[in-house]
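Participant: Pasting a structure here, questions to come.
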Amino acid sequence: MQKELHVKRFARAIPLTVLLLALVAAGCSLLPASKSSFRGTALEPIQPAPDFTLTTQDNTTYHLSDQRGDAVLVFFGYTYCPDVCPTTLAEFKKVHDALGAEVERVDFVFVTVDPERDTPERLKQHLRVFDPSFIGLTGDFSTLESVWQDYGVYRKRAEAEDSAAGYLMDHSSAVYLIDPDGNLRLTYSFGTDHEAIVHDIRELLKRS
């Protein structure tokens, strides 16, 4: 019964709803992959990714703006997630391994939507299962809330009395790709094959 409820909640979470509405309101357009050399959804016109400063799983400070020269793959999730988040992190691992030497120019970033439980220590323990090089980010609620809003992230606490976790988080599931110039270039829906992401990362690295 609990699994069924969670599936229903996830079905209601529409990735990038806020961001897409904002883009439409601003007169921006989405360029489908079929009309570009990219496999993901290209965001047009090209604009800088909203900057943020958060705390890593090693208790160091991560400034997005300091990562110029590298591509940054970003996902918003939480460590107690039973399905979407571990699946996405497993895809991140496939992307990581497929890039070969080019992986040195890519950051894999996991930003929590559940700061109450996702401490740096918890993030470190969780991400180590997938790849210790992955960067887990947390911070105080106010700072994170601003980041969620900037990226159009939907997140809502959902009580789950029958779950050992105590509660679940309904959240959007999009993956974001930021180019080496610091621009938010592409998004990917849940279930996108890792080869599509690898292709787009290589395209952006070649262009920088």
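The values are calculated or read from the model by the stated rules, or taken from the named source; none is laboratory data. Just so it is clear, the structure is predicted and the values come from calculations on it, not from any experiment. Here the Cβ positions follow ideal geometry from the backbone for every residue, glycine too, while neighbour counts run over all protein chains shown.
Participant: Quick one: in the range 166-208, of everything that is aliphatic (A, V, I, L, M) and touching a Pro at 6+ places or on another chain (Cβ under 8 Å), which residue is farthest from PHE52 (Cα to Cα)?
Facilitator: LEU168
Participant: Against the condition more than 13 Å from the chain's Cα centre (by Cα), hydroxyl-bearing (Ser, Thr, Tyr) and outside any helix (DSSP H, G or I), how does SER142 come out, does it pass? Step through it out loud before you land on a result.
Facilitator: Details: more than 13 Å from the chain's Cα centre (by Cα): yes; hydroxyl-bearing (Ser, Thr, Tyr): yes; outside any helix (DSSP H, G or I): no.
No: the conditions fail for SER142.
Participant: Considering only the range 134-157, state which residues are surrounded by 14 or more Cβ atoms within 10 Å (Cβ to Cβ) and of a type in the set (Gly, Ala, Ser).
Facilitator: Listed by number, the residues that qualify are GLY136, GLY139, GLY152.
Results for (1) in contact with a Gly (Cβ under 7 Å, 6 or more places away or on another chain); (2) of a type in the set (A, V, I, L, M); (3) at pLDDT 95 or above, shown as yes or no for each residue.
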| residue | (1), (2), (3) |
| --- | --- |
| ASP51 | no, no, yes |
| THR61 | no, no, yes |
| GLN67 | no, no, yes |
| TYR78 | no, no, yes |
| PRO82 | no, no, no |
| PHE110 | yes, no, yes |
| PRO120 | no, no, yes |
